Amino acid sequence: MSEAILPPIGMLAELTHRCPLQCVYCSNPVELLKANREMSTDAWIALFEEAADLGVLQIHLSGGEPTLRPDLEKLIATLSRRGVYTNLITAGVGIAEGRIEAMAAAGLDHVQLSFQGAFAPTTEKIGNNRGAHEKKIETARRVRAAGLPLTINAPIHRHNMQEVPDFIELALELDAERLEIANVQYAGWALLNRNSLMPDREAVEREVEIVRQAQKDLHGILAVDFVTPDYFAIYPKPCMGGWARDAFMVAPDGTVLPCHAAGTIPNLTFERFGDKSLTEIWLDSPAFNAFRGTDWMAEPCRSCERKEIDWGGCRCQAMAIAGSAAATDPACIKSPLHAQMAALIDEAMASDKDVFRYRRISTPQPAGTLEPAS
Ligand code: SF4
Ligand code: FES
């Protein structure tokens with residue numbers, strides 16, 4: 001490593017893999033951890049204390065569904081006392097009466113609420129959960145009533161891309177500050193469902209126009225963030241802001257990872273909090289140092305003027321498509337494998353779009369035709 005390692009700024013804490021929804025686009029690993037593998041309250045508190053010591057400024061409390069942890073208020077209070085900004089990432093289904101207010105009182109700073117569709121039938125179909133949409137609307141209202149700022153997160157794919165204008169309406173109606181129109185990243189369950197989730201090119205072009213227009217029209221009213229679809233791009237995104245550069249994540253069992261899909265990269269060993277301190281892992285873990293900075297890069301990244309803009313793109317996407325985590329992300333037009341992205345779109349277009357594998361904690365079920373919500 002030639003550059004100094006700076007302290008991390010952000011951390012994603014996957015408190016649990018349990019979730020009432022079964023979204024087909026979920027980026028959690030296909031092998032989900034059961035409740036008995038989750039860290040205890042004391043272990044999470046110790047980890048959060050050390051994260052604050054290390055310099056982490058904001059923590060995203062995620063999952064699975066983080067509100068399934070009965071100790072969430074206690075964890076938030078710990079972070080709040082340490083001055084760490086807390087963002088709750090929730091599906092907003094089944095949150096008990098009084099809990100949002102209790103989390104606000106514990107010092108929660110922000111809520112990010114996902115909607116699988118702008119309308120109930122889409123939300124139910126994608127998350128495989130009847131009644132989820134109405135519960136989410138109710139959660140949004142409770143969040144705003146508790147005085148918390150709200151972001152609506154809309155993970156976009158073939159089955160809800162046509163609802164982008166309606167997501168914008170919904171975010172305005174729910175008094176959100178921010179809307180994330182986030183084209184799904186093909187990792188975890190989303191990679192398993194890639195052929196069904198892949199949109200067609202015309203739909204993506206329409207989506208881009210609608211979002212750009214909304215960004216102009218709603219300036220100062222609703223911030224509209226856009227996560228572009230990699231498979232239709234010419235340059236990759238700086239995944240996680242660069243490998244182990246300023247953020248990391250922790251799995252429910254305390255495994256510390258540079259990103260949510262890092263476990264798919266063979267030959268890298270990821271260490272657990274408790275076996276090692278967070279500081280040791282951040283500074284010295286061979287897995288964290290494997291793709292840090294730019295020294296690891298080969299051509300075309302090595303001599304590219306964008307290498308400190310996108311940091312070579314996503315290591316996990318390079319692994320999944322190029323078969324090597326050290327390759328240039330094939331989303332990049334300079335990658336010798338860029339044409340493969342178009343071939344994967346064609347393959348998806350030729351396949352049955354209604355075959356979903358719903359997320360669940362067990363071995364993934366064989367692909368089956370879309371079942372009705374249960
Ligand atoms: Fe980014 Fe590498 Fe492509 Fe350059 S060649 S744009 S650094 S992925
Ligand atoms: Fe692992 Fe992008 S998801 S680097």
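What shape does the chain take by its C-alpha gyration tensor, where a ≥ b ≥ c are the square roots of the eigenvalues and a/c under 1.5 counts as rounded, a/b above b/c as prolate, and the rest as oblate? Intermediate values should be presented prior to the final figure.
Numbers: a/c = 1.42, a/b = 1.03, b/c = 1.38.
The shape class here is rounded.
Nearest-5 percent of antiparallel DSSP beta bridges in the chain?
Working: 5 of 38 bridges.
Of all bridge pairs located within the chain, approximately 15 percent are antiparallel.
Counting only pairs 8 or more residues apart or on different chains, how many lysine pairs in the chain have their Cα atoms under 16 Å apart? Walk me through the intermediate numbers first.
Working: Lys125/Lys135; Lys125/Lys136; Lys125/Lys353; Lys237/Lys307; Lys237/Lys334; Lys307/Lys334.
Step by step, the pairs that qualify in the chain add up to 6.
Multiply the residue gap between Ile333 and Ile361 by 0.36 nm, knock off their C-alpha separation, and tell me the result in nm, one decimal place. The partial results should precede the final answer.
Working: separation 28, 0.36 × 28 = 10.08 nm, distance 3.69 nm.
So the extension gain works out to 6.4 nm.
Given R₀ = 25 Å, what would the calculated FRET efficiency be for Gln162 paired with Ala105, taking r from the Cβ atoms and rounding to 0.05?
Numbers: r = 40 Å, r/R0 = 1.61.
So, using R0 = 25 Å, E works out to roughly 0.05.
Under the rule of at least 5 residues apart or a separate chain, name every residue whose amide H is placed under 5 Å from the amide H of Gly313.
Cys239
With n ≥ 4 as the cut-off for DSSP H runs, can you work out [θ] at 222 nm for the chain, using -39500 (n - 2.57) per run divided by the number of residues, rounded to the nearest 500? Walk me through the intermediate numbers first.
Numbers: 12 runs with 112 residues, N = 374.
Computed mean residue ellipticity for the chain: -8500 deg cm²/dmol.
For segment 233-347, what's the relative contact order in percent, using C-alpha pairs closer than 8 Å and at least 6 residues apart? Can you show the working numbers first?
Working: 171 pairs, mean separation 32.1, N = 115.
28 percent.
Report the label-to-label distance for Arg272 and Glu169 in nanometres (one decimal), using points 7 Å from each Cα along the Cα→Cβ vector.
Spacing of the two 7 Å Cα→Cβ label points: 5.0 nm.
Extending each Cα 7 Å along its Cβ direction at Ala4 and Glu299, get the distance between those two points in nm, one decimal.
Label-label distance for Ala4 and Glu299, simple model: 3.4 nm.
How much length is gained if the chain between Asp200 and Arg141 is pulled fully straight, taking 0.36 nm per residue apart and subtracting their Cα-Cα distance, in nm to one decimal? All intermediate terms of the calculation are to be shown ahead of the outcome.
Values: separation 59, 0.36 × 59 = 21.24 nm, distance 3.43 nm.
Additional length available on full extension: 17.8 nm.
Under a 10 Å cutoff between Cα atoms, tell me which one of Ala13, Ala106, Ala262 has the largest fluctuation in the Gaussian network model of the chain.
Result: Ala106 has the largest fluctuation of those listed.
Going by amide H atoms built from the backbone, whose H comes under 5 Å of the H on Val224, apart from near neighbours?
Amide H neighbours of Val224, under 5 Å, 5+ apart: Leu179.
Given springs between every Cα pair under 10 Å in a Gaussian network model of the chain, which of Ala318, Ala52, Ala350 has the largest fluctuation?
Ala350
Going by amide H atoms built from the backbone, whose H comes under 5 Å of the H on Phe356, apart from near neighbours?
Answer set, sorted by chain and number: Gly368, Leu370.
Less than 12 Å Cβ to Cβ from Ala251, Lys/Arg counted +1 and Asp/Glu -1: what total charge do the surrounding residues give? Present the calculation step by step, with values, prior to reporting the outcome.
On the way: positive: Arg37, Arg272; negative: Glu14, Glu31, Glu38, Asp253, Glu271.
With Lys, Arg at +1 and Asp, Glu at -1, the neighbours total -3.
FYI, it's all coordinate maths here, none of it is from the lab. Note that the coordinates shown come from a computational prediction; the quantities given were computed from them, not determined experimentally. Glycine gets a Cβ as well: all are built from the backbone with ideal geometry, and neighbour counts include every protein chain shown.
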